[in-house]
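The values are calculated or read from the model by the stated rules, or taken from the named source; none is laboratory data. Being a predicted model, the structure only gives us computed values, none of them experimental. Reconstructed Cβ throughout: ideal geometry from the backbone, glycine too, with neighbour counts over all protein chains shown.
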Amino acid sequence: MTLAITPGTVTTVPAVVGSDLRVPLVTGERVSYANLDHAASAPCLQEVRDAVDELLPWYASVHRGAGFASQVSTRVYEQARDRIRKFVGAHSSDTVVFTRNTTDSLNLLARSVPRGTAVVLFDSEHHAALLPWRGPNVQRIPALAKESNTAFGAAAAVVALDRALAAAPVGPRLVIVTGASNVTGELWPVAELARVAHSHGARIALDAAQLAPHRPINVRELGVDYIAFSGHKIYAPFGAGVLVGRADWLQQAQPYLVGGGATSKVTDHGDRLGVAWSAVPERHEAGSPNVVGVHALAAACEILSRHWEQTVAHEQELLQRLREGLRGVPGFRELSILTDADKVGVVSFTISGFDAGFLAAALSCEYGIGVRDGAFCAHVIVGRLVKQVGSHEERAVRASIGLGTTTEHVDRLVAALRTLVTEGPKWTYTQRDGRWVPEDDSRTLPPFLA
């Protein structure tokens, strides 16, 4: 465990691997790394690493091995379904399909919906939720009023969905919604949107990639039919993700991938092969499964479940400190979609007169701070939001908080930005292949990359 101290509060949260990491600066110093890029990928929890180390001696083939180690690995893999089902409060009848990540999960769902399904979603979605849905039956609801380029509130989002579904074609319908925006961190009114979806006979899928690391989730209370999230965002970066939800569409669909595991029997008929596909979830899990990643994902879910109160308090106190500090930086403009929403620990912003990529490079090179710059795989909404705050670029800076964040990290970012804006950088930078890089960079990579 590590102590994260905020004014008047001591909050105990699970510890992460790399909390003692030190990185080189272009000035020749080494400083502790301030990881403020949790929204992209979170570090590994120390308890998750321990769980992986415990499994590795027993690692073996899953489902088809007679050896005792194979039986252990198979039990680990299958028990993970129940552990994750419990984490999200799913129905006992819901299927749990393991994937590579949220993108993989939502593409699987997109491949499994019945032909002619009308799909409704907001255009503020991350590309993982925005791009898999194509064709004339897809309706995208603008998250900003195009005429005034202004954001709307949660109630307006619910009304917009109600109108869109009322105009949708007759037949199966599916709503896609994010739980927490990876651009702004704002929490969407999922339960209210689910009630509207069901009132129109539609199902609803929740992209929980940014929500799962920050808030407890109960899909029965929210009323969602499907949920997808990734291990790498929930402190288990071992290549596993998951799709949990109603089994019927997934059972009726052709396998997402074809190969071993997805088949119950293959027969030779001379000029063709006869294939009997497995039932879900194995139907969509062809190939040797990532038992280590799945075990890590399930372990992270259980660890977070034991520490929600501390986790939420830790992040909210740091988020308040971050936002208050950034408001004092000249030219700071925060991006926002839902004007009245609660937030998880994500702040995206522009600073007047400064390129986002330059700021990110200087923060890294001169201060040892990791942030994200760009459009965060949400190009449509970021392009509109930066125009809303008066920027001519289509890029922003994103600082995101997690269990590895400390008050020192937050204060260092605020002070560094204020210095960069008022005094300029200490180093000279140039653009190379579209990225800002420091000139005469003598920093060396760690020995294992030599």
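Before we move on, is Val389 surrounded by fewer than 22 Cβ atoms within 10 Å (Cβ to Cβ) and closer than 30 Å to Thr103 by Cβ?
Judged against the criteria, Val389 is a match.
Being surrounded by fewer than 20 Cβ atoms within 10 Å (Cβ to Cβ) and within 26 Å of the chain's Cα centre (by Cα) is the filter here; which residues of segment 351-363 pass it?
Residues satisfying the conditions are Asp355, Gly357, Phe358.
Quick check, is Arg195 farther than 18 Å from Val382 by Cα and surrounded by fewer than 23 Cβ atoms within 10 Å (Cβ to Cβ)?
Criteria met by Arg195.
Sort out which residues of segment 39-61 are of a type outside the set (A, V, I, L, M, F, W, C) and out of contact with any Lys or Arg (no Cβ under 8 Å at 6 or more places or on another chain), and write them in order of number.
Passing the criteria: Pro43, Gln46, Glu47, Arg49, Asp50, Asp53, Glu54, Pro57, Tyr59, Ser61.
Sort out which residues of segment 320-335 are surrounded by 21 or more Cβ atoms within 10 Å (Cβ to Cβ) and either under 14 Å from Glu186 (Cα atoms) or not assigned by TED's automatic domain parsing to the domain that holds Thr407 (or both), and write them in order of number.
Residue satisfying the conditions is Leu335 alone.
Any chance segment 201-208 includes a residue that's more than 22 Å from Pro114 (Cα to Cα) and in a loop (DSSP other than H, G, I, E, B)?
Yes; the residues of segment 201-208 include at least one that is more than 22 Å from Pro114 (Cα to Cα) and in a loop (DSSP other than H, G, I, E, B).
Quick one: which residue in Ala51, Ala40 is in contact (Cβ under 8 Å) with a residue 40 or more places away in the chain, buried (at least 18 other Cβ atoms within 10 Å of the Cβ) and not hydroxyl-bearing (Ser, Thr, Tyr)?
Ala51
Just need a number here: residues in segment 131-153 that are hydrophobic (A, V, I, L, M, F, W, C) and either touching a Gly at 6+ places or on another chain (Cβ under 9 Å) or modelled with pLDDT under 80 (or both).
Number of matching residues: 4.
Could you go through segment 86-102 and let me know if any residue there is over 20 Å from the mean Cα position of the chain (by Cα), in a helix (DSSP H, G or I) and farther than 24 Å from Val183 by Cβ.
Among the residues of segment 86-102, not one is over 20 Å from the mean Cα position of the chain (by Cα), in a helix (DSSP H, G or I) and farther than 24 Å from Val183 by Cβ, which makes the answer no.
List the number of the failed condition for Ala236; all other conditions in (1) surrounded by fewer than 24 Cβ atoms within 10 Å (Cβ to Cβ); (2) modelled with pLDDT of 95 or more; (3) within 30 Å of Asp53 (Cβ to Cβ) hold.
It is condition (1) that Ala236 fails.
Can we say Asp104 is at pLDDT 95 or above and in contact with a strand residue (DSSP E or B) (Cβ under 8 Å, 6 or more places away or on another chain)?
yes
Every residue in segment 379-416 that is modelled with pLDDT of 95 or more, assigned to a loop (DSSP other than H, G, I, E, B) and under 20 Å from the mean Cα position of the chain (by Cα), please.
Result: Ile401, Gly402, Leu403, Thr405.
Restricting to segment 395-434, what's the tally of residues that are farther than 28 Å from Glu186 by Cβ and surrounded by 14 or more Cβ atoms within 10 Å (Cβ to Cβ)?
Count: 5.
Given the conditions (1) among the charged types (D, E, K, R); (2) within 30 Å of His314 (Cβ to Cβ); (3) in contact with a strand residue (DSSP E or B) (Cβ under 7 Å, 6 or more places away or on another chain), and given that Arg203 satisfies all but one, which numbered condition is not satisfied?
(2)
All but one of (1) over 30 Å from Phe98 (Cα atoms); (2) modelled with pLDDT of 95 or more; (3) surrounded by fewer than 20 Cβ atoms within 10 Å (Cβ to Cβ); (4) in contact with a helix residue (DSSP H, G or I) (Cβ under 8 Å, 6 or more places away or on another chain) hold for Ala341; state the number of the condition that does not hold.
(2)
Pull up segment 280-331, narrow it to residues that are assigned to a helix (DSSP H, G or I) and among the small types (Gly, Ala, Ser), then point me to the one that is farthest from Ser70 (Cα to Cα).
If we take residues in segment 280-331 being assigned to a helix (DSSP H, G or I) and among the small types (Gly, Ala, Ser), then Gly325 is farthest from Ser70 (Cα to Cα).
Filter segment 48-73 for residues that are at pLDDT 95 or above and either in contact with a Pro (Cβ under 6 Å, 6 or more places away or on another chain) or part of a loop (DSSP other than H, G, I, E, B) (or both) and give the result.
Tyr59, Ala60, Gly67 - these are the residues of segment 48-73 that are at pLDDT 95 or above and either in contact with a Pro (Cβ under 6 Å, 6 or more places away or on another chain) or part of a loop (DSSP other than H, G, I, E, B) (or both).
If Ala194 satisfies all but one of (1) closer than 27 Å to Ala296 by Cβ; (2) of a type outside the set (Ser, Thr, Tyr); (3) outside any loop (DSSP other than H, G, I, E, B), what's the number of the condition it fails?
Single failed check for Ala194: (1).
Tell me, which residue of segment 114-130 that is assigned to a strand (DSSP E or B) and within 21 Å of Leu250 (Cβ to Cβ) is farthest from the chain's Cα centre (by Cα)?
Ala118
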